[in-house]
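The values are calculated or read from the model by the stated rules, or taken from the named source; none is laboratory data. The shown structure was predicted, so the numbers you read here are calculated from the model rather than taken from an experiment. Cβ placement follows ideal geometry from the backbone for every residue including glycine, while neighbour counts extend to all protein chains displayed. Note: areas computed on protein heavy atoms with side chains; ligands, DNA, RNA excluded. Shrake-Rupley method; radii C 1.70, N 1.55, O 1.52, S 1.80 Å.
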Amino acid sequence: MRQARPKDLDSVLTIINNGKQFLKLQQINQWQAGYPNENTISKDIDDGVGFVLTIDKKVAGYVALVYGEDSGYTHIVEGNWDNPDFNYFAIHRIAISDEYRGQNLSGKFLTAIITYIFSQNGRDIRIDTHPKNKVMQSVIKSNGFVKKGIVHVDESNDETERYAYQLSL
């Protein structure tokens, strides 16, 4: 895993677009209203929060790791965060290339992400996913995250509800 570079943009966009298609085939409307798009990923890279998973020097996965208050996580319902402060990392836009689907790379990538966050002295990690995204829920829970409630995100579609998870290290 390494920080994403501008030259990774095309590879990352391919991975994100394939992820959108994968979700659509499962009849999950997450990422179906344009988000994330080229501007989102470019900003991640420019802000230094975009990371790629590489296999044999080929980009195989993408994630954005954002430290500090995330407005999407400020209001949580049907539960609460363990820590009310804003000293946490939020994991966003995680996706694996179609080329590597079915090889348990999502779980390994999430483990690498957690290890990286820990190396940055992060002890509170948050992530969310669509209620119908059972694959991602399984990956999240198998890495020790605990469901804490429900958050609402703005992806410009009707289904904004997301299951919110937290891992305290």
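Observations, loosely collected:
- Rounded, prolate or oblate (a/c below 1.5 giving rounded, otherwise prolate when a/b exceeds b/c) for region 1-76 by Cα gyration tensor: oblate
- Which listed pairs, of Lys57/Lys141; Lys57/Lys147; Lys58/Lys148; Lys7/Lys148; Lys20/Lys148, have C-alpha distances above 32 Å, in listed order: Lys57/Lys147; Lys58/Lys148; Lys7/Lys148
- Between the listed residues Pro36, Thr54, Ala95, the Cα displaced farthest toward the positive end of the dipole of the chain, a dipole computed from Cβ unit charges relative to the Cα centre, is found at Thr54.
- Among the protein heavy atoms, those of Met1 account for about 70 Å² of accessible surface (1.4 Å probe, every chain in place).
- DSSP H segments from the chain that extend 15 Å or more along their own axis, Cα-based, with Kyte-Doolittle mean of -1.0 or above: 9-25, 105-119
- Here the dipole of region 1-160 is about 680 debye; that uses its Cα centre as origin and unit charges on the Cβ of Lys and Arg (positive) and Asp and Glu (negative).
- Accessible surface area normalised per residue over the chain is 51 Å², counting heavy atoms of protein chains with a 1.4 Å rolling probe.
- Pair-distance profile P(r), taking every C-alpha pair of the chain, with 10 angstrom steps and integer %: 10, 41, 41, 8, 0
- At R0 = 45 Å, FRET efficiency that the Cβ-Cβ distance of Lys24 and Asn87 yields, to 0.05: 0.80
- Val66 contributes an accessible area of around 40 Å² to the protein surface, as traced by a 1.4 Å probe with all chains present.
- Portion, in percent, of the accessible area of region 1-137 that falls on carbon or sulfur, probe 1.4 Å: 48
- Normalised by the number of residues in the chain, the average gap of Cα pairs under 8 Å and 6 or more apart makes the relative contact order 24 percent.
- Within the chain, the longest segment free of exposed loop sites, counting GluC sites (Glu not before Pro) that fall outside DSSP classes H, G, I, E and B and have at most 14 other Cβ atoms within 10 Å, spans 79-169.
- Shape category assigned to region 79-167 from the gyration tensor of Cα positions, a/c cut at 1.5: oblate
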